[in-house]
Structures are given as structure tokens and as C-alpha cells.
Amino acid sequence: MKYQSQAVALPYFIAAIALFAGQVIFGLILGTQYVIGDFLFPEIPFNIARMVHTNLLIVWLLFGFMGAAYYLVPEEAETELYSPLLAWILFWVFLAAGVLTILGYLFVDYNTLATMTGNNLLATMGREFLEQPLLTKIGIVVVALAFLFNISMTMLRGRKTVINIVLLIGLWGLAIFFLFAFYNPTNLVMDKFYWWWVVHLWVEGVWELIMAALLAFVLIKVTGVDREVIEKWLYVIITLALVTGIIGTGHHYFWIGTPEYWQWWGSIFSALEPIPFFAMTVFAFNMVNRRRREHPNKAAVLWALGTGVMAFLGAGVWGFLHTLAPVNYYTHGTQITAAHGHLAFYGAYVLVVITIISYAMPILRGRAANSPRAQVLEMWSFWIMTISMVFITLFLTAAGILQIWLQRVSETPMSFMTTQDQVALFYWMRVWAGVAFFAGLVTYVTSFFVKGESKPLIA
Amino acid sequence: MSGTFTKAMARNVFYGGSVFFFLLFLALTFDTMKALPKTDNRHNLTPSAAAGKHIWETRNCIGCHTLLGEGAYYAPELGNVYTRRGPDFIKAWIQAMPTNAPGRRQMPQFHLTDQELDDLVEFFRYTAGINTQKWPPNIEG
């Protein structure tokens, strides 16, 4: 690594992978509860397990983003990190807050937890993905601001590259839009309206800036393509992302009590949301084809290309599938949404974080790339996890189509639970695909422990 | 990309385009806030319904159910449950949980008081009256 202080990224990446494993284990519990309804009841009810599953996802991706920033910003700015000590302190604070919150979910009754943590002073809990106690939410803001201070000062001290600027806009946007998590009006329609300012403007807005910046950084490193070319692409991609994605928020405003015109705004703009993801795929392949060097880290190249393709499929294609209002009228709140959610998060954010880890981790461990054997195993884990996730998505999509037909289209609609029984076969197949995904994750973690001759780092 | 489209132009398009569309989004938000009283059923948002929303949140109901189609997909849609089942059924159902039927999905027992049950039902009465553009397609949610 070029700067000593980049080393602080390492604990962030390790924590990210560990929490990722926790997320997948809870995913397996949830998948099982879909087919064996009383599995682990009453010890871990479905709503608790789901909260753990989704919150772990958010926390480990944030660990990944922060680790990526600590690695990337000093290198781009060509200076040491402003305060490595602060980064270390924040690591422990964030890890403690995250772990305590998860333990709170698992071992304290949710209503008691709410009372204990000041939810009666300012009620923010019990909304999907924003279930964290008030104290945790405040902790997230404090950590985020201190983190942003640290990397912003680093950038201001050094070279202000486009990648750094875009990454910082994305991260500042992440922190700013999270503030809407504290706004929870009694009016349910307004509650939902601004809830999406966190959820949508994160994943279909500013997170795409973070993702594009990370991808651009890794592509510069592994392909050696001229920075000017890559930075121009980066601007084009993020322009497409925000121009489509901001008004695209409207695709959540079809059926929640908002005016009808959102069906037009939301349908048209969100139908264009696949374009930036398509551009990212073309970008990744184009840069790799025009590469000026053969980087020894083949695995990182595979993850980078995989990010482009799977983000386009998951976020782009599976998003478009149900984004037009006349279609969404039938698909809204069904397994189609779950299918899209899984492939989109995996394709875009899981894969981009693993891409930067795959590139940076060997360097942080003092080598240019891992041994060929370790890389082969890592690439196997890419294929096992990716194919498994595609199958999870296909089974959920099949379940969703059937669910819609039986419960919403049929002239003699079935009740929700009767419908669920009818589609159980697909839930069973999803569980097995989930087990395969877990095997892929185990393969991934194992790849870090494979010994062998690795390429030394040329300083 | 052709040589005439420079990085500086790409940057300007990014800043200009993002600011423009964010301002457009704010304008639409402003208009929505003005229009909401016609559709969001706020005149039925009684103190009891507000208390019901608090119960809805502090029992993490969204972790299994959907509400106006948003939430988890493990248990039935509840935005229109007031219309589908009526107040007495809802209360009796919550009190009877869990069913403990082997292999069936289980809902926890929340030990709600009569007042809390009434508040929750009042919340569902309010949500069922929100104008959702005729969603869901039928009463089953």
C-alpha cells in the first residue's frame, strides 16, 4: 500500500465479512420459517430475524463503504489519512453499536427495547429498515459525521480527484438523507413519503455514486486505463443515476395515499433507472478490454465485471420488471419485490464491496495479489454465490407470479395464507438455493486462508 | 466517447442535471404536501389512531406484515384489514395468538390491553380510509 494509514481499512473489511456471514445465517433462518412456520418460534420470531437480516446487511455494507473510503481516499489524494486514530476509534464505536443493537433485537423484547432507548421521547422505531433504537440512530449519525470529517480533511489536504469527489458526494448524501430517519409523522402517508427519502435516495441515489466511484477506482488500478477516460465515464454514469433516480422515487408513491400523477412521474423516470446500470456494465467490460496491463489479481477483475452485470440484472432488469404503475398495481408488496431486493442488493452493493475488498485486501496483507490457488477458490466463491442468488431470485419471482395470479388476478381470489401454501414448493427451492449461497460464502472466507506463492508487492 | 465531449462538460452536465432534477423533485414534493389532505384521510387521524400507530411500530408489525404494500411479505396486508375483517375479528385474532398449530407460521402474543387493542383497530380504520388509488386489486390484499 502506498500510505501507511490505509491499513486502517483492514479491520473494517474483516468486520464487514463477519457481519455478512451473520446476515446470511439469518437469511437461512427466514427462508426456513417460510416453509416451516414455527421454526425457532417463539425464540426468534420472523419479524426479529428479518430485522437482524436487513440491519446486518446495512451495517456490513456501511463497514465496507467506510473501509473502502479509508483505503481509497488517501491513495487518490496522495496523502496520509487525516487521523488514523479517529478511524480506529470509530471502528470500535460502530462495531459496538452494531453488535449491541443486534443483541438487543435478539434478547430484549422489541417494545421494551423501545421504551429503554428513548423511543417515547422521539418515536423512530418500528419502520422497515429503520428499526434501530434512537440511541443507535444517533450513534450512526455521530460516527458518520466523524468519519466524513476524517476523509473530507484528507481529501482537502491532497489531490482532489474525480473519484474522491464523487465518493465524498455519495457519502455525504448518505449521511444527510439518513437524517430523515428521525422524522416520523403520525400521518402514515407523510411517514411513508419521507421514509423513502432515506431508503430510495440511498439505494437508488447516493449509494450509486459510491458504487460507481469504487468501481472506477478498482478499474483504474487493474486495467491501467487512462484516468481521464475513466473519470469521464464516471461523470456520465452518475449523471444518469441521479437524473433517473431522483424523480424515480415516484415509483414508490403509486399506492400510499399520494396524488395519482406520481404514477406518470414514477413510471417514466424509474423505467430509465436501468440505463446507468447498463452503462456501468459497458464501462467495466470496455475498460477491461482496453486494459494496458495484466494485473495479477484476476479475482478482483472478475468481481468488478460481475458487479456490472449483476447490478444491471438485479437493480436494472428486475427493477424494470415491476416498476410501471399498471404492472406494479399487481406486483406491489409481493414476492416479486423480494426477488428484486435480493438480486439488486447482491448485484450492486454486495458485489462492489467485495470487489474493493478483493482488490485491497491482498495489498493490505503485503502482496500485490493472492496466490493463484487462493484466487481460484475466490473465483469459485463468486460463481457459487452469484448463481445461487440468481436461483433465489428466480424462485422468488416464480412464487411472486403465482401469488399474484392466485391472490390478485384470479376471479376467485384466494386469501393470503392459502396462497402462501400454494407456492410453498418455490419457497423450499429458495431455501436450498440459500444453502448453496452459504456454501459459496464459506468458500469465500476459506479463500483468505489458502497459503501459496503470492506476487510480492513492488513498492 | 468522442473527443469533443470533454470531462469538464461531463462534470457540468452532472452538477446541472442533478441540481435541476432535485429541484424538480422538491417542487413535486411541495405540490404533494399541498394535495395530501384530499387523499391521506387525516381527518380520521384521531389521538386513538395515533396511539395505534405507536403500537404498530413498537411491536415491529412491519417485520412480518405489509401496510399499503410495504413491509415484509410473510403475513397478510393490513392496510385494508379493517375492511376485510372488521374490528371484532381483529381484536379476537390478536388475542388468540399464537395458534401453536404445528408447522404453521406463528404470530407472537403481544399482551395488549383493551385500550391498546382499540387504538390499534382505530389505526387500521384510519389506514383503510386512505385513498390508495384503488390498490390493492381486491379485498384479499
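The values are calculated or read from the model by the stated rules, or taken from the named source; none is laboratory data. Treat the numbers as computed from the prediction; the structure is a model and nothing was measured. No Cβ is skipped: glycine too gets one built from the backbone with ideal geometry, and neighbour counts run over all protein chains shown. With ligands, DNA and RNA removed, areas are computed over all heavy atoms of the protein, side chains included. Shrake-Rupley method; radii C 1.70, N 1.55, O 1.52, S 1.80 Å.
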Tell me, what is the per residue accessible area of segment A:1-154 in Å², probe radius 1.4 Å? 35
Dipole of chain A, positive direction: furthest Cα of A:I268, A:V35, A:L86, with charges on the beta-carbon: A:L86
If one puts a single equal scatterer on every Cα of segment A:215-459 and applies the Debye formula without solvent, what log₁₀ I(q)/I(0) results at q = 0.08, 0.12, 0.14 Å⁻¹? -0.38, -0.78, -0.97
How large is the dipole of segment B:50-141 about the Cα centre if only Lys and Arg carry +1 and Asp and Glu carry -1, each at its Cβ, rounded to the nearest 20 debye? 300
Pairwise FRET efficiency - A:Y261 versus B:S48, Cβ, R0 = 45 Å, nearest 0.05: 0.90
Longest principal axis of chain B (C-alpha) makes with the long axis of helix B:114-128 (C-alpha) an angle, in degrees to the nearest 10, of 40
Which of the listed residues, A:A69, B:C61, A:L302, is farthest toward the dipole's positive end in the protein assembly as shown, when Lys, Arg count +1 and Asp, Glu count -1 at the beta-carbon? A:L302
With Cα coordinates, the longest principal axis of chain A makes an angle with the long axis of helix A:351-364, in degrees rounded to 10, of 30
Hey, what's chain B come to in accessible area per residue, 1.4 Å probe, Å²? 46
Per 10 Å bin from zero, what fraction in whole % of the C-alpha pairs of segment A:1-154 is there, up to the bin with the longest pair? 11, 36, 29, 17, 6, 1
Write down the Å³ per residue value for the convex hull defined by the alpha carbon atoms of the protein assembly as shown. 139
Label A:T115 and A:V99 with points 7 Å out from Cα along Cα→Cβ: what is the distance between them in nm? 2.9
Using the per-residue mean of other Cβ atoms lying within 10 Å as a proxy for protection, in what order, highest first, do the peptides A:129-137, A:366-374 fall? A:129-137, A:366-374
Could you pull out the pairs from B:K34/B:K134; A:K160/A:K451; A:K221/A:K451; A:K2/A:K137; B:K53/B:K134 whose alpha carbons sit more than 28 Å apart here? A:K160/A:K451; A:K2/A:K137
Pop out the carbon and sulfur fraction of the accessible area of segment B:16-141 as a percent, whole number, probe 1.4 Å. 61
Quote the total accessible area buried by chains B and A together, excluding ligands, DNA and RNA, probe 1.4 Å, nearest 100 Å². 6900
Contact-by-burial set, segment B:84-107, min loss 20 Å², accessible area of protein heavy atoms with 1.4 Å probe, reference chain alone, gives B:G103, B:R104, B:R105, B:Q106
Need one number: nm distance between label points at B:D31 and A:E228, each 7 Å from Cα along Cα→Cβ, rounded to one decimal. 4.3
Helical mean residue ellipticity (222 nm; -39500 (n - 2.57) per DSSP H run of 4+; nearest 500) of chain A: -23500 deg cm²/dmol
If R0 = 60 Å, then A:D38 and A:L86, at their Cβ-Cβ distance, give a FRET efficiency to the nearest 0.05 of 0.80
With a 1.4 Å probe and every protein chain kept in, tell me what percent of the accessible surface of segment A:1-40 is carbon plus sulfur. 73
I'd like the carbon and sulfur percentage of the solvent accessible area for segment A:77-119, probe radius 1.4 Å, heavy atoms only, ligands and nucleic acids excluded. 75
Measuring from its Cα centre, segment A:215-459 shows a charge dipole (+1 at each Lys and Arg Cβ, -1 at each Asp and Glu Cβ) which, in debye to the nearest 20, is 1080
When Cβ neighbours within 10 Å are restricted to other protein chains, what is their mean count per residue of peptide A:39-47? 5
Helix A:372-404 against the longest principal axis of chain A: what's the angle in degrees, Cα atoms only, rounded to the nearest 10? 20
